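These notes are about the structure you will find just below.
Please treat every number below as a calculation from the coordinates, not as lab data. The shown structure was predicted, so the numbers you read here are calculated from the model rather than taken from an experiment. Because the Cβ atoms are built from the backbone with ideal geometry, glycine has one as well, and the counts that use them run over all protein chains shown.
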Amino acid sequence: MTTTIDTGSTTSTETIVAVAARELAGKRRVFAGVGLPTLAVDLARHTSNPDVELIYESGVCGAHPSAMAEGIADSVVVSGAESVLSMAALFGYVLQGGNVDVGFLGAAQIDRTGSLNTSFIGDWKNPTVRLPGAGGAVEIIANAAEIFVVMRRHDLSSFPAELDFCTSPSPARAHASGKGIMPAGAGVTKVFTNLGVLTHQGPGGELELTSVHEGISVDQVRESTGWDLAVAEHVTITTPPSSTEIDLLRNTIDKVRLYLR
């Protein structure tokens with residue numbers, strides 16, 4: 001029996017994930033964070049990139065999860081994986097060895113050059129929100145060939161002129177500091193939000209608006225960004241999720257609505 005999907009009721013999360021999954025076409029190894037990055041990679045495995053090698057921070061390489069992973073050490077991530085490495089081997093040989101094509105991350109805040117905040121919101125001494133912290137993101141953003149970031153909200157608090165705290169510096173910020181070992185990767189090249197897609201070819205420069213979702217204007221995105229957002233000469237309209245992509249997300253990948261909202 002054929003299931004009819006109402007694509008008119010597509011959520012912003014489904015749009016973000018579908019657009020991000022398409023961008024994984026042709027990428028070999030993806031170091032995926034939990035949450036929407038995991039959802040996008042799973043969708044890519046069913047659509048744009050069935051041969052993608054999925055890496056998790058717990059040391060799992062070549063994961064073949066049989067169900068939606070609830071965390072980086074979920075048993076469904078480990079079972080059937082190509083290998084499970086120690087943390088030292090994963091970060092020292094796989095990541096720092098230049099063997100990751102895309103680091104796929106989430107964040108609470110991002111700035112114009114792609115630095116991320118996953119530590120806290122508000123004042124250092126008395127923050128309004130405490131977040132999980134860096135995890136492996138500092139190493140991932142420095143060593144993966146490029147970084148994709150998913151942001152559920154595109155507003156002034158998530159895209160501020162200045163981060164409340166810089167957890168993971170972009171290559172541009174690292175080079176500007178002149179301290180320590182400089183990042184080997186290009187940094188953030190794609191940001192997927194509920195309004196559109198920001199891109200840059202980095203490691204230098206700023207993020208640029210290159211695509212907006214249906215019904216969203218360029219002015220709306222600029223007004224929701226805390227800095228004077230650069231806009232591409234030709235801004236495209238995002239192709240919305242297909243009925244196949246929505247069906248996979250809702251009825252195959254995330255049936256329990258762990259990440260879909």
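In a GNM of the chain with a 10 Å cut-off on Cα contacts, which of Ile55, Ile110, Ile181 has the highest mean-square fluctuation?
Comparing Ile55, Ile110, Ile181 in a Gaussian network model of the chain, the most mobile one is Ile181.
What residue among Asp111, Asp51, Asp101 has the largest mean-square fluctuation in a Gaussian network model of the chain, using Cα springs under 10 Å?
Asp51
For Asp228 and His64 in the same chain, what is the full-extension length gain: residue separation times 0.36 nm, less their Cα-Cα distance, in nm?
Working: separation 164, 0.36 × 164 = 59.04 nm, distance 4.18 nm.
Extra length available between Asp228 and His64 comes to 54.9 nm.
When ranked by the protection proxy of mean other Cβ atoms within 10 Å per residue, highest first, what sequence do the peptides 167-180, 80-93 form? It would help to have the intermediate numbers written out before the result.
On the way: 167-180: 17.7, 80-93: 14.6.
Taking the mean over residues of other Cβ atoms within 10 Å, the ranking is 167-180, 80-93.
Quick one: putting +1 on the C-beta of Lys and Arg, -1 on the C-beta of Asp and Glu, what dipole do you get for the chain around its Cα centre, in Debye to the nearest 20?
Details: 18 positive and 28 negative charges, 82 e Å.
In debye, rounded to 20, the chain gives about 400.
For region 192-252, what is the percent of antiparallel DSSP beta bridges, rounded to the nearest 5? The partial results should precede the final answer.
Working: 5 of 9 bridges.
So the antiparallel bridges amount to about 55 percent of the total.
How many angstrom lie between the C-alpha centres of region 94-170 and region 58-77?
Between the Cα centre of region 94-170 and that of region 58-77, the gap is 22 Å.
Which of these, Arg222, Arg130, Arg250, has the largest mean-square fluctuation under a Gaussian network model of the chain (Cα springs below 10 Å)?
Arg130
Which percent of Cα-Cα pairs in region 69-202 sits in each 5 Å bin, short to long?
Result returned by the calculation: 2, 10, 18, 21, 20, 14, 10, 4, 1.
As a footprinting exposure proxy, order Ser115, Ser243, Ser9, Ser158 by other Cβ within 10 Å, with the fewest listed first.
Working: Ser115 24, Ser243 13, Ser9 8, Ser158 20.
Placing the least packed residue first, the sequence is Ser9, Ser243, Ser158, Ser115.
I'd like to know how region 9-251 sits against the 2.2 N^0.38 Å rule of thumb: what's its Cα Rg over that expected value?
Details: Rg = 17.2 Å, N = 243, 2.2 N^0.38 = 17.7 Å.
For region 9-251, the normalised Cα radius of gyration is 0.97.
Report relative contact order for region 9-251 in percent, whole number only (criteria: Cα-Cα under 8 Å, sequence separation at least 6).
Values: 528 pairs, mean separation 44.5, N = 243.
The value is 18 percent.
Over the Cα atoms of region 1-113, how large are the radius of gyration and the largest Cα-Cα distance (Dmax), in Å?
Considering region 1-113 through its Cα atoms, Rg and Dmax are 15.0, 49 Å.
Expressed as a rounded percentage, what relative contact order does region 191-246 have, with Cα pairs under 8 Å and six or more residues apart?
Details: 69 pairs, mean separation 18.3, N = 56.
That works out to 33 percent.
Which whole-percent values make up P(r) of region 91-159 when all C-alpha to C-alpha distances are grouped in 10 Å steps starting at zero?
19, 47, 26, 8
May I ask for the Kirkwood hydrodynamic radius of region 101-141, worked out over all distinct Cα pairs and given in angstroms to one decimal?
On the way: mean 1/r = 0.0897 Å⁻¹.
So the Kirkwood estimate lands at 11.1 Å.
Of the beta bridges DSSP finds with both residues in region 9-251, what % are antiparallel, to the nearest 5? Walk me through the numbers before you get to the answer.
Numbers: 16 of 35 bridges.
About 45 percent, rounded to the nearest 5.
Which value in deg cm²/dmol, rounded to the nearest 500, describes the helix-derived mean residue ellipticity at 222 nm for the chain, given -39,500 (n - 2.57) per DSSP H run of n ≥ 4 and division by the residue count? Spell out each step's value before the answer.
On the way: 7 runs with 53 residues, N = 261.
Rounded to the nearest 500, it is -5500 deg cm²/dmol.
Listing Met182, Met68, Met151 from the residue with the fewest other Cβ atoms within 10 Å to the one with the most, what is the order? Working shown, then result.
Details: Met182 12, Met68 19, Met151 22.
With the fewest neighbours first, Met182, Met68, Met151 line up as Met182, Met68, Met151.
Please rank Ser75, Ser58, fewest neighbouring Cβ atoms within 10 Å first, as an exposure proxy.
Working: Ser75 12, Ser58 18.
In increasing order of surrounding Cβ atoms, one gets Ser75, Ser58.
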